[in-house]
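Here is the structure we will look at, set down as structure tokens.
The values are calculated or read from the model by the stated rules, or taken from the named source; none is laboratory data. Remember, it's a predicted structure, so these values are computed and weren't measured experimentally. No Cβ is skipped: glycine too gets one built from the backbone with ideal geometry, and neighbour counts run over all protein chains shown.
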Number of protein chains: 2
Amino acid sequence: MLVSKEARNFTVSVLEVSTGSPLLVMNEQDAFEMSLTPHSKVMVKYEGREAYASVTLTKTMVAKGRVLASIELAEKLGLKEGYPVQVKPAGLPGSYASLLKRIRGERLSYNEMYSIIKDVVNGAYDEAEIAAFLLSQQFYVLDEDELTSLIKAMVETGVKISFDEPVFDEHSIGGVPGNSKVAMVAVPIVASFGLLIPKTSSRAITSPAGTADTMEVLARVDLTAEEIRELAKKTRGLLVWGGKLNLAPADDIFVNVERKLSIDPWHQMVASILSKKLAMSVESLVIDIPVGKKAKIEEPVHADQLAGLFIRQAAKLGMRVKVAITFGGQPIGMSVGPALEAKEALEALLNKRGSRSLVDKAILIAGLTMELSGKVPPGQGESYARELFSSGKAYEKFREIIEAQGGKPNIKPEEVPLGKYTYTFKSPLEGAVTYIDNAAVTMVARAAGAPFDKGAGVQFHAKVGYRVNKGDPLFTIYSNSESRLEEAISLASKYSVITVEGMLLKTLP
Amino acid sequence: MLVSKEARNFTVSVLEVSTGSPLLVMNEQDAFEMSLTPHSKVMVKYEGREAYASVTLTKTMVAKGRVLASIELAEKLGLKEGYPVQVKPAGLPGSYASLLKRIRGERLSYNEMYSIIKDVVNGAYDEAEIAAFLLSQQFYVLDEDELTSLIKAMVETGVKISFDEPVFDEHSIGGVPGNSKVAMVAVPIVASFGLLIPKTSSRAITSPAGTADTMEVLARVDLTAEEIRELAKKTRGLLVWGGKLNLAPADDIFVNVERKLSIDPWHQMVASILSKKLAMSVESLVIDIPVGKKAKIEEPVHADQLAGLFIRQAAKLGMRVKVAITFGGQPIGMSVGPALEAKEALEALLNKRGSRSLVDKAILIAGLTMELSGKVPPGQGESYARELFSSGKAYEKFREIIEAQGGKPNIKPEEVPLGKYTYTFKSPLEGAVTYIDNAAVTMVARAAGAPFDKGAGVQFHAKVGYRVNKGDPLFTIYSNSESRLEEAISLASKYSVITVEGMLLKTLP
């Protein structure tokens, strides 16, 4: 459909609302004259800069000849009260034909892929078109060249942060509760070895805690690119949130729609992780793929296939990658939720011991990262890493990192504030823990308020293989809201979180 | 992902903005406490009524404990200043599992289909999920049972208007410019024969004029259900806009997303037409499928297949249908655009003659409709219809209809206001018109301002087969905006609208 390209001049005011994407409020009469209706896309220009926005109409809130810009739009263009802007109907994005091609199942070249991703990042598309792009990947899986194009395009359409020396990193595909704290232990080990590891991570999307949420309990994580470059020189390691750095920003837009559609195409996951790392100039990367019942990957054979995809793509993109396939059949460590996990990580580093699923895993990941540097003989990474952990060097490094990121370096584990309200489930019988349900744990911790309520979560007193007596505590739910705690308790009762089985299975008459 | 179901109480104010879908502005702090971010969906309740809304955040525009409702939300719930509302995170729609099933290519039962359509109509889904539902039809074509379920569900989730006697109707699948005026001639013929034909039609979406746009030049078309039932008793025929009647409202939501994705699945088109007609209690229907170059259907064999789909579905739904496959290889009649077409229809009825592609087509469609009543012998419809047209009875009926709908019954064709600015293209050589490009005509008429600018459009002076001399006028563009006229002229020059070919093709030395 052809839309007139006529632009008109308006005077802007800023409307102090945040809608998630740029919004422009126009007088109904102006909109009618420009053939615009609610939801129409317009291009707004101010002094050379331009941004797409969605139209909202009003009879009274703004006069003819004036428009209101939402916070997102004002920020994009640097608008203030009284500035003159030009508004014109947006027309079709330049990549539209390529998008339709992909929906029909045709393959895209790098240039076509780039043009789509560029338009996605610029806000040219609504959710409908983004959903179409992602669904086309469900129906016509990206071939490996298309995937490389996608990753490159995602990097090129965002900010790149560069360093003066090689950058190392580790990253988990996630999907197992309690995993957010592994990096809190692994990163200080690697940094104390002297490697540069300015780890960026995300906040939780569907899990009870992302590494960024957990680290935020102890320090600031919203560092700017400049601060990261500056502080990394000193501490070698950092644990920051990638969210506002604009690294591969297409990813955040895709994740939002994937969540709505409950889809998580493998190729898009690989693109998400590798593009964010490339944007941080990471050259050597360890990928952790937890496998197990109710984890993201349930079958070992799928883990191998996914690992292959990571390895081939990394090679094409000039990045060295090692993949660790780890056990993900129950939660990692003894806690789930930002504050509980931060406390557990701190305790492990301070006491030089902790749950094996946390400590051994972190040491393993750190060791592999160190092996990638070539400064540790192959197969020796783990023992080097264990030495750094056991000697207390990793804890010293963690204190440095907390301090650099504006936290209190000598914070004691018992000073970490947990949820005010608690409830403890007890074992109904004598026996052994035979199963902990990852999905149920996640559901209960989120119902209790995690990750928004940092003090909310689940603390385990027993894990698989532990022997328990009748009445022994199994796990405690924490929350800062009584009603959320109640909801979490009711879910925990309904979906059995921990299974305890006695020795006696049944009696016969 | 599990979302807490906690509801909170707020005091509402109405924000005079129209965003196309319900919007709720909340204080950032309240939203944070409820784990809501911009774009989160909430369920808003007021006295038993409830509606979904999208969240927008503000620091200053609304205090804690208060919320602002957009016009759409206020209308849905009947909200006014100071009313108490309950707000809770929306959670997953009940039909979500069925939607995911369809995306995976599994077939849906009637109950599953109904639950999806119900949630679509209630606003439970965003564009992403609607796009997924429509795209799933591209990849896994609806089987005929699913299509019947879809049509029934679309009817059941909207308003039904019933009459005390059998209802007749005619409808074109569209796609050929100039077609909007055919119903203006056909409906009065059928009504003057005594059949009940309260025709509802749509406004233009991608064409330069829908029948509702064209009729609106002469009379009101936004009648209420009550007015339609009342007036139809008197005039037998009506030409109204279906837009605000809430007939099969899912369709409007689907069309909006289909347009964004440039998809128009056949099955969805059949569902759209039949559901709207069933909601108007239509029992006998003539469907017009124009076929030709750059029409919606280009190949005769596809027209036959589509006709089969209409006929089988109508039979399953208890509706009698006749399909007319008509010539759509060039525009219908001599004009394109609301006012130009209204004028042409009025002239034809008043003068009892006009362009054959208009008059013969309208008579044919009217005749087939009359045959469906059983009151005209098979094969005789056309001659009965021609008699009603030629005797002036159809014109008298048209005057009645215009008057009933609040227009000026004795309006003269020359009183219809056309675009102020015009430009006429002339033949560059002596020869014959061999081709008129439907797509180019549509583009030019829309660039000139149609359908929003009712006076905008294209008037033809010659059509395919006409002999022209060098300098003879070929077509005139009308517009109420000089700059739009210029844009239309430049497009008309670039995409040749009319092809004139001379007798001499080339000379040899």
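Among A:Glu33, A:Glu106, A:Glu72, A:Glu47, which is the only one that is facing chain B (nearest Cβ under 9 Å) and farther than 30 Å from B:Ala31 by Cβ? Lay out the reasoning, then the answer.
Numbers: A:Glu106 fails: facing chain B (nearest Cβ under 9 Å); A:Glu72 fails: farther than 30 Å from B:Ala31 by Cβ; A:Glu47 fails: facing chain B (nearest Cβ under 9 Å).
Result of the check over A:Glu33, A:Glu106, A:Glu72, A:Glu47: A:Glu33.
Could you look through region A:473-484, keep only residues that are surrounded by 18 or more Cβ atoms within 10 Å (Cβ to Cβ) and within 9 Å of another protein chain (Cβ to nearest Cβ), and pick out the one that is farthest from A:Leu429 (Cα to Cα)?
Per the criteria, the residue is A:Ser481.
Could you tell me whether region A:364-375 includes any residue that is touching a Gly at 6+ places or on another chain (Cβ under 7 Å), touching a residue at least 60 places away in the same chain (Cβ under 8 Å) and among the aliphatic types (A, V, I, L, M)?
yes
What's the number of the only condition in (1) without any contact (Cβ under 8 Å) to a residue 40 or more places away in the chain; (2) more than 27 Å from A:Gln29 (Cβ to Cβ); (3) surrounded by 15 or more Cβ atoms within 10 Å (Cβ to Cβ) that B:Ser490 fails to meet?
(3)
Can you tell me which of (1) at pLDDT 95 or above; (2) within 30 Å of A:Lys59 (Cα to Cα) is the one B:Lys101 doesn't meet?
(2)
Name the single residue, out of those in region B:79-96 being of a type in the set (Gly, Ala, Ser) and modelled with pLDDT of 95 or more, that is nearest to the chain's Cα centre (by Cα).
B:Ser95
When the residues of region B:134-162 are narrowed to those that are without any contact (Cβ under 8 Å) to a residue 60 or more places away in the chain and within 13 Å of chain A (Cβ to nearest Cβ), which ends up nearest to B:Arg229 (Cα to Cα)?
Restricting to residues being without any contact (Cβ under 8 Å) to a residue 60 or more places away in the chain and within 13 Å of chain A (Cβ to nearest Cβ), the top hit is B:Ser136.
Residue by residue through region A:44-70, note down the ones that are buried (at least 21 other Cβ atoms within 10 Å of the Cβ), under 21 Å from A:Tyr125 (Cβ atoms) and not hydroxyl-bearing (Ser, Thr, Tyr).
A:Val44, A:Ala51, A:Ala53, A:Val55, A:Ala69
State whether one or more residues within region B:251-269 are among the aliphatic types (A, V, I, L, M), buried (at least 17 other Cβ atoms within 10 Å of the Cβ), away from chain A (no Cβ under 14 Å) and closer than 30 Å to B:Ile401 by Cα.
The answer is yes, given that some residue of region B:251-269 is among the aliphatic types (A, V, I, L, M), buried (at least 17 other Cβ atoms within 10 Å of the Cβ), away from chain A (no Cβ under 14 Å) and closer than 30 Å to B:Ile401 by Cα.
Results for (1) away from chain A (no Cβ under 14 Å); (2) part of a helix (DSSP H, G or I); (3) of a type in the set (Phe, Trp, Tyr); (4) under 19 Å from A:Pro89 (Cβ atoms), shown as yes or no for each residue.
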| site | (1), (2), (3), (4) |
| --- | --- |
| B:Pro417 | yes, no, no, no |
| B:Phe425 | yes, no, yes, no |
| B:Arg446 | no, yes, no, yes |
| B:Phe452 | no, no, yes, yes |
| B:Glu486 | no, yes, no, yes |
| B:Val500 | yes, no, no, no |
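How about region B:1-29: which of its residues are within 22 Å of B:Ile253 (Cα to Cα) and either without any contact (Cβ under 8 Å) to a residue 40 or more places away in the chain or within 7 Å of chain A (Cβ to nearest Cβ) (or both)?
Those that are within 22 Å of B:Ile253 (Cα to Cα) and either without any contact (Cβ under 8 Å) to a residue 40 or more places away in the chain or within 7 Å of chain A (Cβ to nearest Cβ) (or both): B:Val17, B:Ser18, B:Thr19, B:Gly20.
Against the definition (surrounded by fewer than 21 Cβ atoms within 10 Å (Cβ to Cβ), of a type in the set (Lys, Arg) and under 30 Å from A:Gly91 (Cα atoms)), how does B:Lys322 come out, yes or no? Step through it out loud before you land on a result.
Working: surrounded by fewer than 21 Cβ atoms within 10 Å (Cβ to Cβ): yes; of a type in the set (Lys, Arg): yes; under 30 Å from A:Gly91 (Cα atoms): no.
Against the criterion (surrounded by fewer than 21 Cβ atoms within 10 Å (Cβ to Cβ), of a type in the set (Lys, Arg) and under 30 Å from A:Gly91 (Cα atoms)), B:Lys322 does not qualify.
Has region B:276-287 got at least one residue that is among the β-branched types (Val, Ile, Thr) and within 14 Å of chain A (Cβ to nearest Cβ)?
No, region B:276-287 has no match at all.
Could you grab me the full set of residues in region A:315-332 that are assigned to a strand (DSSP E or B) and more than 13 Å from A:Met370 (Cα to Cα)?
Listed by number, the residues that qualify are A:Val323, A:Ala324, A:Ile325, A:Thr326, A:Phe327.
Given the condition crowded, with 21+ Cβ neighbours inside 10 Å, touching a residue at least 40 places away in the same chain (Cβ under 8 Å), within 36 Å of the chain's Cα centre (by Cα) and within 30 Å of B:Lys41 (Cα to Cα), answer yes or no: does some residue in region A:30-43 qualify?
Within region A:30-43, one or more residues are crowded, with 21+ Cβ neighbours inside 10 Å, touching a residue at least 40 places away in the same chain (Cβ under 8 Å), within 36 Å of the chain's Cα centre (by Cα) and within 30 Å of B:Lys41 (Cα to Cα).
Test of understanding: among A:Lys397, A:Lys343, which residue is surrounded by 24 or more Cβ atoms within 10 Å (Cβ to Cβ), part of a helix (DSSP H, G or I) and not aliphatic (A, V, I, L, M)?
Step by step, each of A:Lys397, A:Lys343 is checked, and only A:Lys343 is surrounded by 24 or more Cβ atoms within 10 Å (Cβ to Cβ), part of a helix (DSSP H, G or I) and not aliphatic (A, V, I, L, M).
So is A:Ala348 assigned to a helix (DSSP H, G or I), closer than 29 Å to A:Pro249 by Cα and either of a type outside the set (A, V, I, L, M) or not assigned by TED's automatic domain parsing to the domain that holds A:Asp453 (or both) or not?
no
Is it the case, given these coordinates, that B:Asn256 is outside any helix (DSSP H, G or I) and out of contact with any His (no Cβ under 7 Å at 6 or more places or on another chain)?
Here the answer is no, as B:Asn256 does not meet what is asked.
Of A:Val190, A:Val182, A:Val141, A:Val176, which residue is assigned by TED's automatic domain parsing to the domain that holds A:Lys352, in a loop (DSSP other than H, G, I, E, B) and over 27 Å from A:Pro22 (Cα atoms)?
A:Val176
Being hydrophobic (A, V, I, L, M, F, W, C), farther than 19 Å from A:Glu146 by Cα and either without any contact (Cβ under 8 Å) to a residue 40 or more places away in the chain or more than 14 Å from every other protein chain (Cβ to nearest Cβ) (or both): is that true of A:Ile228 here?
Values: hydrophobic (A, V, I, L, M, F, W, C): yes; farther than 19 Å from A:Glu146 by Cα: yes; either without any contact (Cβ under 8 Å) to a residue 40 or more places away in the chain or more than 14 Å from every other protein chain (Cβ to nearest Cβ) (or both): yes.
It is true that A:Ile228 is hydrophobic (A, V, I, L, M, F, W, C), farther than 19 Å from A:Glu146 by Cα and either without any contact (Cβ under 8 Å) to a residue 40 or more places away in the chain or more than 14 Å from every other protein chain (Cβ to nearest Cβ) (or both).
If only one of B:Gly78, B:Gly91, B:Gly158, B:Gly82 is within 23 Å of B:Lys45 (Cα to Cα), surrounded by fewer than 23 Cβ atoms within 10 Å (Cβ to Cβ) and in contact with a Pro (Cβ under 8 Å, 6 or more places away or on another chain), which one is it?
Values: B:Gly78 fails: in contact with a Pro (Cβ under 8 Å, 6 or more places away or on another chain); B:Gly91 fails: in contact with a Pro (Cβ under 8 Å, 6 or more places away or on another chain); B:Gly82 fails: in contact with a Pro (Cβ under 8 Å, 6 or more places away or on another chain).
That would be B:Gly158, the only listed residue that is within 23 Å of B:Lys45 (Cα to Cα), surrounded by fewer than 23 Cβ atoms within 10 Å (Cβ to Cβ) and in contact with a Pro (Cβ under 8 Å, 6 or more places away or on another chain).
Filter region B:351-387 down to residues that are of a type in the set (S, T, N, Q) and within 17 Å of B:Val167 (Cβ to Cβ), then give me how many there are.
Of the residues in region B:351-387, 2 are of a type in the set (S, T, N, Q) and within 17 Å of B:Val167 (Cβ to Cβ).
Surrounded by fewer than 24 Cβ atoms within 10 Å (Cβ to Cβ), in contact with a helix residue (DSSP H, G or I) (Cβ under 6 Å, 6 or more places away or on another chain) and of a type outside the set (Val, Ile, Thr): is that true of A:Ala219 in this structure?
Details: surrounded by fewer than 24 Cβ atoms within 10 Å (Cβ to Cβ): yes; in contact with a helix residue (DSSP H, G or I) (Cβ under 6 Å, 6 or more places away or on another chain): yes; of a type outside the set (Val, Ile, Thr): yes.
Answer is yes for this residue.
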